[in-house]
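Here is the structure we will look at.
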Amino acid sequence: MYELLILAHLLYQPAHGYLIAKIINDMIGPYAKFSNGRLYPLLARLEENGLLVAEEPENEHSNRPYRSYRITDKGRERFRLLMLDITSNPGEYQKVFQQKMPFLSFLAPSERLYLIDHYLNYCQAHILHLQNEREDLHQHSSGDASYGWSQPLHDDIFEGVDHLIAHWQLEYTWAQHLRERELARTQDATNLPEQTTRS
């Protein structure tokens, strides 16, 4: 995830390590922390792999001569591959998608729809799974002896499952909104040349 965030931010403009760390920590906070001890080895590896280049500061007499990092063409391609990767960290993909979302504009419209559609399916799978689990719990609570539990379930368990279902339904609704917005943008872009031609 950190590799993606570094490359994504360098797509906007070159930046020094301190600024990169600050932006990433602002994104992942308030409790997670991306330390300099992790940042600089990662920047060195990305530079080694040709994904970015480090530029020495122009003012050599500066008290704090920060090296500035710039993304390369190879880094841009790596960014695209990381964005389109939907198989890594499937259990954490909600968090991963939320980190990708601000950078969807760097992808082609078809690639953006691909990611959004995948996330819609991901949310729907969670909703269906939780609904099935709730039904199983309800069967147990109704006295189905096949579960082997002798005590009825407390309402707090159902409330917890209902909360998770509502959470994933909100995520699904948000992803639907992203999809509708993306389709509208694609439609606007398609209509734009026609309107320009007519005028």
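Laboratory data are not the source of any read-out in this text; all were calculated from the coordinates shown. Source: prediction; values computed, not measured. Note that each Cβ is placed from the backbone with ideal geometry, even for glycine, and that neighbours are counted across all protein chains shown.
Once a ≥ b ≥ c are taken as the square roots of the eigenvalues of the Cα gyration tensor of the range 1-140, is the result rounded (a/c under 1.5), prolate (a/b larger than b/c) or oblate (a/b not larger than b/c)?
Prolate, since a/c reaches 1.5 and a/b exceeds b/c.
May I ask you to order 87-94, 175-182, 24-31 by the average number of other C-beta atoms within 10 Å around their residues, highest value first?
On the way: 87-94: 10.9, 175-182: 15.2, 24-31: 12.5.
Per-residue mean Cβ counts within 10 Å order the peptides as 175-182, 24-31, 87-94.
So who's got an amide H within less than 5 Å of the one on HIS16, skipping anything under 5 residues away but keeping other chains? H placed 1.01 Å off N, in plane.
Distant-sequence amide H within range of HIS16: TYR69.
Assign unit charges at the C-beta atoms only (+1 for Lys and Arg, -1 for Asp and Glu), then state the dipole size of the range 2-84 relative to its Cα centre in Debye, rounded to the nearest 20.
I would put it at about 320 debye.
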